[in-house]
Amino acid sequence: MAKNPDMLDQRWLIYAILAAACASCVPIFAKLGMREIDDNLATAIRSVVMTLFVFGICTALGVWSKLHSLHVRALAMIALSGVAGASSWLFYFKAIHWGKVSQVAPIDKLSMPIAIVLAMLVLGDRPSRWNWLGIALIAGGAYLATLSPHK
C-alpha cells in the first residue's frame, strides 16, 4: 500500500502535539510529588526514570547498533543539549516549587521565541512575517498568562 506523501509530511505535527500533551503533565505531577521532597532531588529522580524509560525505548527499537556511527561533534552537541535540558529542568522544578504552575509554565514557554532567534543565528532559519506575528503573540501571551487575577 502506497503511503500518502501529505501524511508523511505531517508526522512532525503529530509528534509535536504528543510532546505538548506529555509535557503538560510534567509540572502537575512534579508539583504534586514535590510536596514532600527537595526539588533538586525530585529532578534527579525524574532524570533517572527518564533515562531508564528512554533506554528501554532504544532497546525495544533496536537502535543501539547505531551508536558506533556517531561522530565526536554530534556527541558533543547531544551532550550540550543534555546539559541545557538538565539545567532547564532544575530551574523549572525550582520555579514550580516556589511558584504556581499556571505562572511558571507560560514563562517557560518563552523558550520557543528564544529558540527561534537562536535557530536564526546558528542554523540560518528564516521565519516569515506571519511567523513573527505568532512569535510575538506567544511572548505577549506568556506575559498575560502570568498576571495575577483580580479578586
Under the rule of at least 5 residues apart or a separate chain, name every residue whose amide H is placed under 5 Å from the amide H of ASP125. MET120
Determine, from the Cβ-Cβ distance of GLN103 and HIS68 and an R0 of 41 Å, the FRET efficiency 1/(1 + (r/R0)^6), rounded to the nearest 0.05. 0.35
Could you work out how much longer the chain between TRP12 and VAL83 gets when fully extended? Use 0.36 nm per residue separation minus the Cα distance between them, nm to one decimal. 23.1 nm
Across every pair of different alpha-carbon atoms, what Kirkwood hydrodynamic radius in Å does the chain reach? 18.5 Å
Number of Lys pairs in the chain with C-alpha atoms less than 22 angstrom apart, excluding same-chain neighbours closer than eight positions? 6
Directionally averaged projected area (convex hull, Cα atoms, segment 109-151), nm²: 3.1 nm²
Please give the length that would be gained between ILE138 and LEU41 if that part of the chain were fully extended, namely 0.36 nm times their separation in residues minus their C-alpha to C-alpha distance (nm, one decimal). 31.8 nm
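Each reported figure results from applying straightforward, stated rules to the coordinates on display, with no laboratory input. Since this is a predicted model, take the numbers as computed values, not measurements. Here the Cβ is made from the backbone with ideal geometry for all residues, glycine too, and neighbour counts use every protein chain on show.
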